[in-house]
Amino acid sequence: MIIVSGEALFDVFATGETPTGIGFDGRIGGSPFNVALGLARLGQPVGFFGGIGTGFAGERLLRALTDEGIDTRCTPRLDAPTTISLVGVDARGVPSYAFYGHGCADRLVGPEHLAAIPAEARAFHFGSFAMVVPPTADTQRALVEREHARSLISYDPNIRTNVQPDLAVWRDTLAWMLPRTHLLKVSDEDLGLLFPGRALDDFAAEALAAGVPWVVVTRGGADAVGYHATAGRVALPPQPVQVVDTVGAGDTFQAALLTWLAETGRLTAAAVRALDAAAMTEALGFAMRAAAITCGRRGADLPRRAELG
């Protein structure tokens, strides 16, 4: 089983003006939540470790988890509201976010909730703002520290400066995670924020030297590049797609990478360390096909396994 840790929230899209204001369309979301949903739709056993609030919004998030077959044994219900993310999409379908989440459930997960994580879990994914907002961030670090020597650790920083504007906090978190991470997936946009002017190849070399066996850099509508400690560098061109928006594309890519590892019997740290260039190419191709499907839909509507053939 794969456990995905982090935030669950509502992405709220403006649908246009009404006679008395603005119409909104609320969609279940949050980067880790989307990764969990993507894994479930791709046929993987997955649990979600993140706080779900009370009230109608929390109930809808919980129902979405159970409807998709996601294990909720380690999903604490907390007496707190649900984070709202207002999403604006530009002419190219690229989203921007404004988060309203102070005191919300996804930021209140404590160490007492770690005991509920199923014993059979042997792969963990972390990412986005839950890794930098305490106390949830401290709890997730404790989980990483507990598991990285015996489980596969996957990480996507997924920078959200309107939640934590101090980039030093994000850099420190990434630096702490590197020697404890086996699969690092990061966008060129996030790297541009963290390390302006640094070449992607240079960052990847530093991450590999810090102990990450496999680094994957996504470049939006351009190629995706994989770097491996022993297998070198591979790059794949983008998949053709009529973009509606790119909300959830990175999360789809992440879920697909983990799915490929699971389907090919490589969902372990040792197997990731043993990847060769051909395997990396196959994995990136699978993930790019999955992400292209999401880009052709509105919002984070991630594909199901049958759609990828």
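The values are calculated or read from the model by the stated rules, or taken from the named source; none is laboratory data. Fair warning: this is a prediction, and the values are worked out from it, not measured in the lab. Please note: Cβ atoms are built from the backbone with ideal geometry, for glycine as well, and neighbour counts cover all protein chains shown.
This table checks each residue for (1) surrounded by fewer than 21 Cβ atoms within 10 Å (Cβ to Cβ); (2) in contact (Cβ under 8 Å) with a residue 12 or more places away in the chain; (3) not in a loop (DSSP other than H, G, I, E, B).
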residue: 192; (1), (2), (3): yes, no, yes
residue: 221; (1), (2), (3): yes, yes, no
residue: 255; (1), (2), (3): no, yes, yes
residue: 272; (1), (2), (3): no, yes, yes
residue: 287; (1), (2), (3): no, yes, yes
residue: 290; (1), (2), (3): no, yes, yes
Criterion violated by residue 109 - all others in (1) closer than 29 Å to residue 295 by Cβ; (2) surrounded by 20 or more Cβ atoms within 10 Å (Cβ to Cβ) satisfied: (1)
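Pick out the one residue from 69, 38 that is without any contact (Cβ under 8 Å) to a residue 40 or more places away in the chain and of a type in the set (Gly, Ala, Ser).
Numbers: 38 fails: without any contact (Cβ under 8 Å) to a residue 40 or more places away in the chain.
None of the other options fit; the residue is 69.
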Conditions first: (1) under 20 Å from the mean Cα position of the chain (by Cα); (2) not in a helix (DSSP H, G or I). Residue 35 passes all but one, so which condition is the exception? (2)
Quick one: in segment 15-32, which of the residues that are more than 19 Å from residue 82 (Cβ to Cβ), part of a strand (DSSP E or B) and not hydroxyl-bearing (Ser, Thr, Tyr) is modelled with the lowest pLDDT? 16
Return yes or no: is residue 269 farther than 18 Å from residue 45 by Cβ, over 19 Å from the mean Cα position of the chain (by Cα) and at pLDDT 95 or above? no
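Could you tell me which of the residues 235, 255 is over 19 Å from the mean Cα position of the chain (by Cα) and under 14 Å from residue 284 (Cα atoms)?
Values: 255 fails: over 19 Å from the mean Cα position of the chain (by Cα).
None of the others qualify; the one that does is 235.
Within segment 50-69, take every residue that is part of a loop (DSSP other than H, G, I, E, B) and in contact with a Pro (Cβ under 9 Å, 6 or more places away or on another chain) and give me the one that is farthest from residue 108 (Cα to Cα).
Of the residues in segment 50-69, the ones part of a loop (DSSP other than H, G, I, E, B) are 50-51, 54, 68-69.
This time we only want the ones that are in contact with a Pro (Cβ under 9 Å, 6 or more places away or on another chain), so: 50-51, 54, 69.
Values: 50: 9, 51: 7, 54: 13, 69: 24 Å.
Within segment 50-69, the match that is farthest from residue 108 (Cα to Cα) is 69.
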Filter segment 194-219 down to the residues that are in a loop (DSSP other than H, G, I, E, B) and either out of contact with any Leu (no Cβ under 9 Å at 6 or more places or on another chain) or exposed (fewer than 15 other Cβ atoms within 10 Å of the Cβ) (or both) and list them by number. 195, 196, 197, 198, 199, 211
For residue 98, work out the one condition from (1) in contact (Cβ under 8 Å) with a residue 60 or more places away in the chain; (2) under 19 Å from the mean Cα position of the chain (by Cα); (3) buried (at least 16 other Cβ atoms within 10 Å of the Cβ) it doesn't fulfil. (3)
